[in-house]
Amino acid sequence: MRIALVGMIAIAFACSSLAHAADLAAGKEKAELCVGCHGENGISQMENIPSLASQPDQFIQWQLVYFRAGSRKNEQMQPIVEGINNEDIRNLGAYFASLTPAKPAPDDNPDLSKKGAQAAAGPRCASCHGDDYAGTKAVARVAGQREDYLLKALRDYKAGVRSGGGQAAMAEVAFPLSEEEIVALAHYLAHL
């Protein structure tokens with residue numbers, strides 16, 4: 001009797017997990033809304049617009065939830081997120097996480113990258129973003145991200161004008177950075 005009960009619970013759990021599994025094809029289809037700004041295959045070609053390719057699934061999902069709830073604001077994102085549901089968010093997260101990240105451009109300023117590596121050292125960046133800066137769970141991939149976007153994000157965190165997930169941790173990290181360190185850090189991360 002116990003074995004049958006455990007078996008039925010396991011089957012119910014498996015079925016509920018399958019019902020909530022992300023649909024990559026549906027995510028790709030819904031991502032057509034994103035191409036205009038975030039680029040084909042999630043690789044942005046627009047200034048100050050992040051690439052989404054290879055961002056962690058949970059990170060994408062949380063950012064969409066923050067935008068939809070209005071705790072993270074962006075004029076272009078607001079009308080888009082109003083039209084997506086939780087299933088769309090789950091599918092978009094899985095889809096963008098499945099994509100290959102942008103290949104970084106060759107480093108045209110290795111001295112600046114060296115300064116950026118020094119600014120990133122210690123517990124500053126790797127403790128959340130990982131040793132390879134590829135992000136994890138609900139933490140963004142910053143390796144290979146657009147340099148202009150990284151500059152904007154770091155400056156916004158330093159100024160306290162960016163809201164949504166990670167604000168407190170990022171504000172604490174960005175606030176003591178000098179402008180020179182922000183420029184170097186953005187350059188370094190963009191070329192990883």
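If you take all other residues with their beta carbon under 11 Å from the beta carbon of E172, and give Lys and Arg +1 and Asp and Glu -1, the sum is +2.
Nearest 10 degrees, 0 to 90: what angle lies between the long axis of helix 179-190 and the longest principal axis of the chain (Cα atoms)? Helix 179-190 sits at roughly 50 degrees to that axis.
The distance linking the stretch 69-127 with the stretch 131-192 is 9 Å (Cα centroid to Cα centroid, whole angstrom).
The mean sequence separation of alpha-carbon pairs under 8 Å and at least six residues apart, normalised by the residue count of the chain, gives a relative contact order of 24 percent. Residues in the stretch 105-122 carry Karplus couplings, in order, of 5, x, 6, 8, 8, x, 5, 5, 5, 4, 5, x, 4, 5, 5, 7, 4, x Hz; the curve used is 6.51 cos²θ - 1.76 cosθ + 1.60 with θ = phi - 60°, and Gly or Pro positions show x.
Ordered from largest to smallest accessible area (heavy atoms of protein chains, 1.4 Å probe), the residues C34, C128 come out as C128, C34. Size estimate for the stretch 95-192 follows the Kirkwood approach: the inverse of mean 1/r over distinct Cα pairs works out to 13.5 Å. With the cut-off at under 15 Å, measuring from each backbone N in the stretch 149-190 to a point 7 Å along the Cα-to-Cβ line of N109 picks out 149-152, 178-190.
Ranking L192, C125, G70 by how far each Cα lies toward the positive end of the dipole of the stretch 52-192 (charges on Cβ) leaves G70 at the top.
Compared with the dominant Cα axis of the chain, that is its longest principal axis, helix 86-98 is turned about 60°. Taking θ as phi - 60° and the Karplus parameters 6.51, -1.76 and 1.60, the scalar couplings of the stretch 143-155 work out to 5, x, 5, 4, 4, 5, 5, 4, 4, 4, 4, 5, 5 Hz in sequence order, x denoting glycine and proline.
Seen against the Cα atoms of the chain and their longest principal axis, helix 2-19 is set at about 50 degrees.
Counting charges near S113 (Lys, Arg +1; Asp, Glu -1) among other residues having Cβ under 13 Å from its Cβ returns a value of -3.
Over the chain, dividing the summed -39,500 (n - 2.57) contributions of all DSSP H runs of at least 4 residues by the number of residues returns a 222 nm mean residue ellipticity of -16500 deg cm²/dmol.
For the chain, lysine pairs with C-alpha atoms less than 29 angstrom apart, excluding pairs fewer than eight positions apart on the same chain, total 25.
Which of the following values of volume of the Cα convex hull per residue in Å³ was calculated from the structure shown: [x] 108; [y] 172; [z] 142? This structure yields the entry labelled [z].
Residue-wise HN-Hα couplings along the stretch 24-33, as the Karplus relation 6.51 cos²θ - 1.76 cosθ + 1.60 with θ = phi - 60° gives them from phi, are 4, 5, 5, x, 4, 5, 5, 5, 4, 5 Hz; Gly and Pro carry x.
The values are calculated or read from the model by the stated rules, or taken from the named source; none is laboratory data. Given the structure is predicted, the values throughout are model-derived calculations rather than measurements. Note: ideal-geometry Cβ built from the backbone for every residue, glycine included; neighbour counts use all protein chains shown. When the accessible area is computed, the model is the full protein with side chains, heavy atoms only, and any ligands, DNA or RNA have been set aside. Shrake-Rupley method; radii C 1.70, N 1.55, O 1.52, S 1.80 Å.
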